[in-house]
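Structure first, then comments.
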Amino acid sequence: MDVETRLSLVKKYPTEEIITEDELREMFETGCRVRHYIGFEISGYVHIGTGIVCMSKVVDLQRAKVEPTIFLADLHSWINNKLGGDLDTIRRVAVTYFRETLKKCIELLGGDPDSVTFALASKVYEENPDYWTLVLDLSRIVTLSDARHSLTILGRKMGESIPMAWLIYPIMQVADVFILGAHIAHGGTDQRKAYVLAREVANKSKIRKLRLDDREVKPVALFHRLLPALNISGKLDKAELSELKMSKSVPESAIFLHDSPEEIRRKILRAYCPPRDTTMNPVIELARLFAFRDERREPFIIERPEKYGGGRVEIWTFEELVKLYAEGKIHPLDLKNAVAEEVIRKLKPLTDWFTKGQGARLLEQVREIMCVTR
């Protein structure tokens with residue numbers, strides 16, 4: 001596979017930004033092994049932002065001959081008091097429900113789950129005793145301002161009352177890149193500050209250097225697009241990016257992988273979808289992800305009631321959909337109905353997996369844990 005084909009796979013939607021594309025091209029041109037990582041907190045049910053958006057990019061990277069690692073961030077989750085702040089529970093969910101669900105998503109999306117490395121953070125740190133020395137060394141380099149700037153919006157809004165551990169969190173994120181030897185540090189656009197910081201300190205710490213063959217390199221930062229919350233209405237003018245995305249903690253904002261067809265349909269029909277507006281429109285974004293990420297072999301069909309002068313519309317590209325919707329030729333309700341059926345169809349293998357066999361058992365276990373830790 002030539003370099004430009006590999007690059008096109010990495011750049012494919014839902015990629016939003018690569019820092020920098022030229023550096024990634026140079027990595028590919030060496031012919032060396034290129035390693036990737038994306039980290040996840042373990043905080044409950046998996047929604048389509050993690051299972052479909054993130055894993056579709058992992059599959060793209062596999063196809064581009066990059067070696068992906070999914071980092072199960074148990075200690076980071078503990079720092080943020082996920083699942084009641086019980087570390088044993090976090091670890092148990094990480095290596096059962098969370099890992100197996102993501103493997104199933106990779107399989108659904110056409111990837112090879114068995115060639116993806118799943119790494120539990122605490123185990124990685126045990127196997128690399130210089131990790132905490134690296135964290136301390138980075139703490140000597142990173143300023144308090146840098147650390148606070150890299151926090152989530154909640155941490156920044158809380159001012160002086162934040163737990164001290166939260167300030168360590170972004171430094172751990174930076175250290176993770178180097179301890180894993182990740183040439184590509186991957187996350188949503190809300191993780192941009194942390195991985196830009198990793199690039200800024202790449203040449204300053206002497207504890208761990210990132211190398212590609214015999215060369216010292218900076219990590220390439222890869223950011224994917226975030227799915228807007230389904231209930232985003234009323235938040236656009238006063239919220240930051242991390243507050244506008246689908247959230248596990250707000251069930252009506254997200255579609256979970258285990259949601260039934262009825263739940264999916266209900267959530268999409270209630271979703272924010274202003275007429276003619278395609279900016280931060282969650283239903284338009286769902287159409288892009290589920291109907292137009294790959295080249296279509298048959299048209300995406302929107303049925304419009306004849307009594308309103310409508311009729312069937314056949315659409316082949318996302319650009320065509322955006323144009324028709326912006327011109328008012330597609331009603332929000334008609335779009336919602338079509339998108340809901342597409343999402344239900346694409347998620348059916350996961351729906352079936354969660355209603356019987358291993359998926360059903362794992363879901364029941366995590367439901368019990370969520371009831372206890374709520």
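Touching a residue at least 60 places away in the same chain (Cβ under 8 Å), out of contact with any Cys (no Cβ under 8 Å at 6 or more places or on another chain), polar (S, T, N, Q) and surrounded by 23 or more Cβ atoms within 10 Å (Cβ to Cβ): is that true of T96 in this structure?
No; evaluated as a whole, the condition is false for this residue.
Name, by its number, the condition in (1) over 23 Å from K104 (Cβ atoms); (2) crowded, with 18+ Cβ neighbours inside 10 Å that does not hold for I344.
Among (1) over 23 Å from K104 (Cβ atoms); (2) crowded, with 18+ Cβ neighbours inside 10 Å, the lone unmet condition for I344 is (1).
For N231, only one of the following conditions fails: (1) closer than 25 Å to G188 by Cβ; (2) outside any loop (DSSP other than H, G, I, E, B); (3) touching an Asp or Glu at 6+ places or on another chain (Cβ under 7 Å); (4) not acidic (D, E). What is its number?
(2)
Quick test of your reading of the structure: L286 fulfils all but one of (1) at pLDDT 90 or above; (2) of a type outside the set (D, E); (3) part of a loop (DSSP other than H, G, I, E, B); (4) within 17 Å of the chain's Cα centre (by Cα). Name the failing condition by number.
So the condition that L286 fails would be (3).
Identify, please: which residue in segment 245-263 is touching a Phe, Trp or Tyr at 6+ places or on another chain (Cβ under 9 Å) and part of a helix (DSSP H, G or I) and is, among those, surrounded by the most Cβ atoms within 10 Å (Cβ to Cβ)?
Only one residue fits best here, namely P251.
In segment 293-320, how many residues are closer than 27 Å to L9 by Cα, in contact (Cβ under 8 Å) with a residue 24 or more places away in the chain and in a loop (DSSP other than H, G, I, E, B)?
Total satisfying the criteria: 2.
Looking only at segment 197-219, decide whether some residue is part of a helix (DSSP H, G or I), loosely packed, with under 14 Cβ neighbours inside 10 Å and not acidic (D, E).
No - not one qualifying residue is present in segment 197-219.
May I ask you to verify whether A185 is in a strand (DSSP E or B), of a type in the set (A, V, I, L, M, F, W, C) and out of contact with any helix residue (DSSP H, G or I) (no Cβ under 8 Å at 6 or more places or on another chain)?
Criteria not met by A185.
Would it be correct to say that V93 is of a type in the set (V, I, T), modelled with pLDDT of 95 or more and farther than 30 Å from R215 by Cα?
yes
The values are calculated or read from the model by the stated rules, or taken from the named source; none is laboratory data. Remember, predicted model here, so these are calculated numbers, not experimental data. Note that each Cβ is placed from the backbone with ideal geometry, even for glycine, and that neighbours are counted across all protein chains shown.
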